[in-house]
Amino acid sequence: MSEEKQNPSCPAGAGEPTAVRSSAPIWIIVVTLTLLFLGGIYFDHHSGWLNPRVYAPYDTADQLEASQPKSGAAAAMAHGKGVYETVCGICHGADGMGKPGVAPPLAGSDWVNTKGFYRLAHIPLCGVNGTIMVEGKQWSSAMAAMGAALSDDDLASVLTYIRGSWGNKGTAVGAEDIAKIRAAVGKAPAPNTGDQLMAMPE
Amino acid sequence: MKTSYGVFFAVLAALGASWAGFVLGPLIQLGAAQQTTVLNSTDVYPIQRPGLAAMGAQVYRSYGCAACHTRQVQQTGISFEVVLTSPGKDPVTVSNLLSTLKLTALTKEAADTAAKTLTDAGGKTETHLSATGADISRGWGSRHSVAADYLYDVPVELGTLRAGPDLANIGQRNPDANWQLVHLYAPKAVVKDSAMPSFKFLFQVRPVGAAPSPDALKLPAGFEAPAGMEVVPTAEGAELAAYLLSLHADAPLYEAPYTPATAKP
């Protein structure tokens, strides 16, 4: 370093510039920390904590959850469609037309288009054994009880869906009514025969 | 130089912070994204584009459509609407309430209050959710675009300039294949003041053979092919039209909920 040529624009005696330590002004530190703090508050309120499903205008996962359209007949029908397609549709068909030799049709069936749903609700809750007449045809395939795997809300939604789809004209089914019928039939109900079902009130 | 370590670590920290923010953060947030289901349904979303449309995505890319068209719908808010589905046992009280209550363009809290007032009076209500914002009111979509809309897009062509309208839902806005083809062939034939250049090179004007081609464009008056000729899309033209028809990102999802018009009774 000492062998370097003298810079003509920097006369001797002015001294070599040297790097020295000096502390940053305190106000810069204060401003930086304040900005970080405010940024943290904003992040906390608006980011949904990097939840991949939270987008603006939603700020938090809770807010998004609360905004989900859940109430109403449309939601019950939509939920019922989901349950139907995973549980019932395998045998009864996504279009409710049934499968020859396996399951009777639900579309336009007298069993579905009833005034009440007391009798209808017993079919998925308890299952069916023996023969059953649907639309003038005799079906002798047994149906297992589906009630245990489905909640009252699932069952009510799926019955609402069945009674409101494919041209069927049945009223909506409430989860509280299903709860009552479920309590009445007990935990492990025996499957009904067609005649037993017909003896029930609609 | 005794400061060189300091400089090295300062640069490392600065680059590392931006890498973490722009690469690592999004990867952690969205890297595991996969097919999801449509809200209140068992339908999966999104689905892969069918073959012709998948090839059309490359045509869309190669002609730089994204230079003038975005594929992202923005949303600034949500609004709730309370709909009376049944007046219940006391229709007079409910109808009196209906005339006093504000039932549209509500916040979540106001909608809950209004619904509770009506239910307490014996009526049955439904709450409908809809997205709001400039893009929504232009009719460009029913909800904002979310990451799931682009799950199978490589590369994602969001676009940044809107010299033309947004195309996120063009396949749903105009499901007519002939309209899409005519618009590519001669934009002014269907949109009078269109600034879009004509993509005539995606079409072949050829003499009508023994029988007119079933693919021939049905052109409006003033834009017909010369007598004895017909306008037929080339392979690229058909692919691009198939791609445009495949663009509809409007399924209600958990992350972008809204009540679709078809679900409304």
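The values are calculated or read from the model by the stated rules, or taken from the named source; none is laboratory data. Please read all numbers here as calculations on a predicted model, not as lab measurements. When we count neighbours, we look across all protein chains shown, and the Cβ atoms used for this are built from the backbone with ideal geometry, even at glycine. These area figures cover heavy atoms from the full protein model, side chains too; ligands, DNA and RNA do not enter into them. Shrake-Rupley method; radii C 1.70, N 1.55, O 1.52, S 1.80 Å.
Brief remarks on what is shown
- Single residue of B:GLY133, B:GLY159, B:GLY164 found to be within 14 Å of chain A (Cβ to nearest Cβ), under 17 Å from the mean Cα position of the chain (by Cα) and surrounded by fewer than 21 Cβ atoms within 10 Å (Cβ to Cβ): B:GLY133
- Check on B:VAL182, more than 14 Å from chain A (Cβ to nearest Cβ), modelled with pLDDT of 90 or more and open to solvent by 30 Å² or more (accessible area, probe 1.4 Å): no
- Residue match in segment B:187-198 (condition: in contact (Cβ under 8 Å) with a residue 60 or more places away in the chain and in contact with a Pro (Cβ under 7 Å, 6 or more places away or on another chain)): yes
- Filtered residue count, segment B:190-222, keeping only those that are touching a Gly at 6+ places or on another chain (Cβ under 8 Å), among the β-branched types (Val, Ile, Thr) and closer than 25 Å to B:PRO165 by Cα: 0
- Index of the failed condition, B:VAL146 passing every other in (1) closer than 23 Å to B:LEU30 by Cβ; (2) of a type in the set (A, V, I, L, M); (3) more than 10 Å from chain A (Cβ to nearest Cβ): (3)
- Condition check for B:LEU245: in contact with a Leu (Cβ under 9 Å, 6 or more places away or on another chain) and of a type in the set (A, V, I, L, M, F, W, C): no
- Of the residues making up segment B:61-89, those that are assigned to a loop (DSSP other than H, G, I, E, B) and either at the interface with another protein chain (Cβ under 10 Å from one of its Cβ atoms) or touching a residue at least 40 places away in the same chain (Cβ under 8 Å) (or both) number 10.
- First in segment A:174-202 and more than 13 Å from A:CYS126 (Cα to Cα), second anywhere and polar (S, T, N, Q), Cβ under 6 Å, 6 or more apart: A:GLU202/A:THR114
- Residue match in segment A:35-53 (condition: open to solvent by less than 70 Å² (accessible area, probe 1.4 Å) and touching a Leu at 6+ places or on another chain (Cβ under 7 Å)): yes
- Residues in segment B:216-265 that are at pLDDT below 90, open to solvent by 30 Å² or more (accessible area, probe 1.4 Å) and more than 30 Å from A:MET77 (Cα to Cα): B:ALA221, B:GLY222, B:PHE223, B:GLU224, B:PRO226, B:ALA227, B:GLY228.
To keep it simple, each residue is scored yes or no on (1) open to solvent by 50 Å² or more (accessible area, probe 1.4 Å); (2) within 29 Å of the chain's Cα centre (by Cα).
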position	(1), (2)
B:SER62	yes, yes
B:ALA67	yes, yes
B:GLN74	yes, yes
B:SER86	no, no
B:PRO91	yes, no
B:LEU106	no, yes
B:ALA121	no, no
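- Criterion violated by A:TYR84 - all others in (1) open to solvent by 20 Å² or more (accessible area, probe 1.4 Å); (2) under 24 Å from the mean Cα position of the chain (by Cα) satisfied: (1)
- Enumeration of residues in segment B:1-59 that are polar (S, T, N, Q) and either open to solvent by less than 100 Å² (accessible area, probe 1.4 Å) or at positive phi (or both): B:THR3, B:SER4, B:SER18, B:GLN29, B:GLN35, B:THR36, B:THR37, B:ASN40, B:SER41, B:THR42, B:GLN58
- Unique residue being open to solvent by less than 80 Å² (accessible area, probe 1.4 Å) and farther than 19 Å from A:ASN192 by Cβ when the list is A:PRO105, A:PRO124: A:PRO105
- Qualifying residue in segment B:45-56 (condition: within 14 Å of chain A (Cβ to nearest Cβ) and not in a helix (DSSP H, G or I)): yes
- The number of residues in segment B:182-240 that are hydroxyl-bearing (Ser, Thr, Tyr) and over 19 Å from B:TYR60 (Cβ atoms) comes to 1.
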